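Bear in mind these aren't lab numbers, they're just calculated from the coordinates by the rules spelled out. Everything numeric in this text was worked out from a predicted model, so none of it was measured.
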Amino acid sequence: MKFALASITLTAMLAVPFAAQAQFAKPEDAVKYRQAAFTLMGAHTGRIGAVVKGEKPYDKAAVEADAAVLEMVSKLPWTAFPQGSDLANSKAKPEIWKEQDKFKAAADKMQAEVGKLSAAAKSGDLNAIKTAFGGVGQSCKACHDNYRNK
Ligand code: HEC
C-alpha cells in the first residue's frame, strides 16, 4: 500500500513538473539535481550519437536501452527549476523564470522527440533512428540557445 502511494506520488510529480518545486531544501540542491539529470541525458544521447555517426557499430539492444534511459531521465530536470535557483554555478538563464510557458514548451517538444527516438530504437530501423536522433538534437539545441548560458 505504501509502495503504491509512493508510485502515485512520483507519477503525479512527473506529470506536473513546475508544481513539484517544494522538494528541495536549498536552491543549490535543485541546481545539482538538474545538472545531474542533464549530464545523464548528455551521456546517453552521446552514446546513440556515436552510432548515428557510424563511430560505433549499431547494436539494437544497446540503442534501445540508451533511448529508454534518456526517455526516463528527460522527465526529471523540469522538477528542479525553483524560483531563485539561477545561481552562479548554474548556466540557467533568468529568462527561464520569466517565460515559464515557453520554457516548458521547449521541454515538452524535446520529450516528444525523445518519444519518437525511443519508438525508432524499438523498431530496429537505423534510418528511422537517425532521423529521430536529428529531431532530438535540434530540440536540445533550441532550448540551450534560448535558456542556457555558454
Ligand atoms: C527546455 C530546455 C532544455 C532542453 C530541452 C534541454 N536542455 Fe540541456 N540544459 C538546459 C539548461 C537550462 C541547462 C543548464 C542547467 C544549469 O546549469 O542549471 C542545461 C544543461 C545541460 C548540460 C550540462 C549539465 C551540467 O552539468 O552543467 C547538458 C550535458 C545538457 N543540458 C544536455 C542536454 C541534452 C542532451 C538535451 C536533449 C536530449 C537537453 N540538454 C535538452 C536546458 C535544456
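In units of the rule-of-thumb radius 2.2 N^0.38 Å, the stretch 58-100 shows an alpha carbon radius of gyration of 1.67. Under 5 Å between amide hydrogens, built in the peptide plane, is the criterion, and for ARG148 it picks out LYS93 among residues at least 5 positions away or on other chains.
Using only alpha carbons, the stretch 26-147 has a radius of gyration to Kirkwood radius ratio (Rg to Rh) of 1.01. Within the straight-line cut-off of under 19 Å between alpha carbons, the lysines reachable from LYS116 are LYS53, LYS60, LYS75, LYS104, LYS130, LYS141, sequence neighbours fewer than 8 places apart in one chain being disregarded.
Relative contact order of the chain, taken over Cα pairs closer than 8 Å and 6 or more residues apart, is 27 percent. List the DSSP H helices in the chain whose Cα atoms stretch 18 Å or more along the helix axis and whose mean Kyte-Doolittle hydropathy is at least 0.5. Long hydrophobic helices here: 2-15, 60-73.
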